[in-house]
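Trainee: The structure under discussion is supplied below as structure tokens; questions concerning it will follow.
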Amino acid sequence: MKPNIELISVTKEYGRTKAVDVIDFSVLAGECLALVGHNGAGKSTLIKMVLGLTSPTRGTVNVFGYNPSHIAFSQMRKKIGFLPEQVLFQNNMTGRETLEFYSRLKGVACDDLNDLFRRVDLFQAADDRIGTYSKGMRQRLGLAQALIGSPKLLILDEPTSGLDPSSRQNVYGIIHEMKQAGVTILLSSHALTELDDRIDRVAIVNKGHLTAVGTIPNLRHNIGLAAEIIIYGTDISMQSLAQHFSNRFSADCFEYNVAHLHCPMNEKVALLKEIMALNISFTNIEINDPSLEQVFMAYTKAKEPVYA
Amino acid sequence: MHRIWTLVTKEVRDGYRNRWVIMITLVMTVLALTLSFLGSAPTGSTRVSALAVTVVSLSSLSIFFIPLIALLLAYDSVVGEAERGTLTLLLTHPISRTQVILGKFFGHLFLLVVATVIGYGVAGVIIALSSDEPFMGAEWASFLKLILSSILLGGIFLSIGYIISSWVKERGTAAAIAIGVWLSFVLFYDMGLLTLLATVQGDVITGDFVKWVMLFNPIDCYRMFNLTSSNATALLSGMGGLNADQRISDISLILIMLSWVIVPLIAACAIFKRRQL
């Protein structure tokens, strides 16, 4: 499948500072890819290059097969919806006037704006001045603006930044709808945890470098972080367990009535089977996979990019 | 073309919403009326028409006021939108950076046209109605030239304002530079020229030299255009003694002022195109 977005060895320098350092990735048609990284990691710079707002110092960016910095890309912009990280719409305009303005710029009829307002749950406030909107309402208005003209590519820079859980849910609901409709989505976030199950792939960026690209399950699996099995039982059962695993786990892992056993993710099932086969009675067993936060932190420290 | 029009209508609407147009028009009308009536008081003994006095008085007002208004309108048009985050959003739409500058320019120019035509027009009409003798065609022509050239003067400083706004990264810097530019053209340029003339005697600096140096200041072009626009205005403004060969034709002055609009506007577009967001 042909990628809608393709970055080949892209570097962006601002003076002596390298905001992006030799990054390659692509987003296939209909795919949802999240750029994840700390503040200042280079996510917004990557998005600006994809939008043609700034040119790479070296390397190539292609969007729908065109160089987005080239003047010929102008007509492709009709197919793109963009939500900036922070946009301060004019307080003295109403929500409807704002969307009408951006519709006209896109060359799209303003007839179905009510549908957009309903989708982002702003229909009642459509004719109110933006000055009266809450932060969540403004963000939803921004999202409605990005959806004008049924875009084929949606680029969302920190779409849930600063929103309460309910508004976040709303934003991800709309992203899900767009994904179902086959829209290609590139979004950025600094929280890997809230992206689980909501995106196809993730690209982790740290200090301008790409440290990993892949699905969340694969990234979690490939980083080599240990899973933890916690076993609760009596002191006798713990002694039996410690005796069995004495050559693999240190005595520190076994306490009076609880054992903490760490193993690679791919050995977790085998270890569990082995424990159950011992026929020792336990009161409870907990299995903890590494959290997404731990996975994210581990990848930000990776020296070489991981493709999972 | 419709995208430029979309931006023009937005700028005009913004101008009305944030009371810019009303404020500018009111201030210009009040000042124009005050200057007109105060300025026309002594005409009884000079036998010069009140409208000619009004043209001379309003020219002096415009020299200070119109560049200031134009710079205030233009200085944050790009950098202000960049700070608010709306510039990035605007440029992700199918609109070129040149179209953005042109849309803002025509929108702001429209605001200036409304303010100038209403402000000066009202003053002209009231002076005409309150005058004992009807004005001659040449006097009205001078008055129309004043309005036209005032709009051109506004356009010049809008274009210069866009250069500043496209160049700098912060609104505060843009405001400081705009004030510097205003002071330089309105005050320092002529002060410098006068100092030069006073220091170096007329033998070294010829009249032609002074004339050409003045053309590099759009405010001096505007002044020359209006203060020599009729015999009456020339007489009142002290330009009557100017030799015919020292005068520059109206067409030439209009063309020079138009260049002062177009060249900075092209420069602003070029700078804005290179601006990294």
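Trainee: Here are some residues: A:83, A:116. Which one is closer than 20 Å to residue A:167 by Cα, open to solvent by less than 20 Å² (accessible area, probe 1.4 Å) and within 14 Å of chain B (Cβ to nearest Cβ)?
Mentor: A:83
Trainee: Looking only at residues that are open to solvent by less than 50 Å² (accessible area, probe 1.4 Å) and at pLDDT 90 or above in region A:130-144, which one is farthest from residue A:33 (Cα to Cα)?
Mentor: Only one residue tops the list, namely A:131.
Trainee: Here is a follow-up. Test residue A:97 against the criterion of being facing chain B (nearest Cβ under 9 Å), within 23 Å of residue A:183 (Cα to Cα) and open to solvent by 30 Å² or more (accessible area, probe 1.4 Å), and give yes or no. Walk me through how you get there before you give the answer.
Mentor: On the way: facing chain B (nearest Cβ under 9 Å): yes; within 23 Å of residue A:183 (Cα to Cα): no; open to solvent by 30 Å² or more (accessible area, probe 1.4 Å): yes.
So residue A:97 does not fit the description; no.
Trainee: Return the only residue of A:219, A:147, A:186, A:156 being crowded, with 19+ Cβ neighbours inside 10 Å and touching a Gly at 6+ places or on another chain (Cβ under 6 Å). Before you say what the answer is, go through the steps one by one.
Mentor: Details: A:219 fails: touching a Gly at 6+ places or on another chain (Cβ under 6 Å); A:186 fails: touching a Gly at 6+ places or on another chain (Cβ under 6 Å); A:156 fails: touching a Gly at 6+ places or on another chain (Cβ under 6 Å).
Going through A:219, A:147, A:186, A:156 in turn, the sole match is A:147.
Trainee: Looking at region A:159-174, which of its residues are open to solvent by 50 Å² or more (accessible area, probe 1.4 Å) and farther than 18 Å from residue A:34 by Cα?
Mentor: We begin by selecting, within region A:159-174, every residue open to solvent by 50 Å² or more (accessible area, probe 1.4 Å); these are A:162, A:164-166, A:168-169.
Scanning region A:159-174 gives A:164, A:165, A:166.
Trainee: Now for a different question. Which one of these is outside any loop (DSSP other than H, G, I, E, B) and within 10 Å of the chain's Cα centre (by Cα): A:188, A:166? Full working, then the answer.
Mentor: Numbers: A:166 fails: within 10 Å of the chain's Cα centre (by Cα).
Checking each option against the conditions leaves just A:188.
Trainee: Quickly run through region A:119-131 and pick out the residues that are under 11 Å from residue A:144 (Cβ atoms) and either part of a loop (DSSP other than H, G, I, E, B) or within 7 Å of another protein chain (Cβ to nearest Cβ) (or both).
Mentor: Correct list: A:120, A:121, A:122, A:126.
Trainee: Further, regarding this structure: Taking residue A:192 and the conditions (1) open to solvent by less than 10 Å² (accessible area, probe 1.4 Å); (2) modelled with pLDDT of 90 or more, which numbered condition does it fall short on, given that it satisfies the others?
Mentor: Single failed check for residue A:192: (2).
Trainee: Now, a different point. Can you work out which of the residues in region A:55-73 that are small (Gly, Ala, Ser) and not in a loop (DSSP other than H, G, I, E, B) is farthest from residue A:154 (Cα to Cα)?
Mentor: In this case the residue turns out to be A:59.
Trainee: Related question: Considering only strands (runs of 3 or more DSSP E) fully contained in region A:1-45, which possess at least 3 residues that are open to solvent by 20 Å² or more (accessible area, probe 1.4 Å) and more than 14 Å from chain B (Cβ to nearest Cβ)? Outline the logic, then answer.
Mentor: Values: elements: A:3-14, A:17-28, A:32-36.
Because the criterion is at least 3 residues that are open to solvent by 20 Å² or more (accessible area, probe 1.4 Å) and more than 14 Å from chain B (Cβ to nearest Cβ), the strands (runs of 3 or more DSSP E) in region A:1-45 that meet it are A:3-14, A:17-28.
Trainee: If you take just the helices (runs of 4 or more DSSP H) that sit entirely in region B:84-201, which of them hold at least 1 residues that are away from chain A (no Cβ under 14 Å) and of a type outside the set (Val, Ile, Thr)? Before the answer, list the steps.
Mentor: Details: elements: B:86-91, B:97-130, B:137-167, B:171-183, B:189-199.
By residue number, B:97-130, B:137-167, B:171-183, B:189-199.
Trainee: Those residues that are open to solvent by 20 Å² or more (accessible area, probe 1.4 Å) and over 10 Å from residue B:108 (Cα atoms), I need them from region B:10-24; list them, please.
Mentor: B:13, B:16, B:17, B:18, B:19, B:20, B:22, B:23
Trainee: Here's another thing I want to ask about it. Within region A:161-176, how many residues turn out to be in contact (Cβ under 8 Å) with a residue 40 or more places away in the chain and farther than 12 Å from residue A:83 by Cβ?
Mentor: Residues in region A:161-176 being in contact (Cβ under 8 Å) with a residue 40 or more places away in the chain and farther than 12 Å from residue A:83 by Cβ: 1 in total.
Trainee: Now for a separate question. Test residue A:252 against the criterion of being charged (D, E, K, R) and closer than 24 Å to residue A:193 by Cα, and give yes or no.
Mentor: When the stated conditions are applied, residue A:252 does not pass them.
The values are calculated or read from the model by the stated rules, or taken from the named source; none is laboratory data. Everything quoted here is computed from the prediction, not taken from an experiment. Positions of Cβ are generated from backbone atoms using ideal geometry, with glycine treated the same way; all protein chains shown enter the neighbour counts. These area figures cover heavy atoms from the full protein model, side chains too; ligands, DNA and RNA do not enter into them. Shrake-Rupley method; radii C 1.70, N 1.55, O 1.52, S 1.80 Å.
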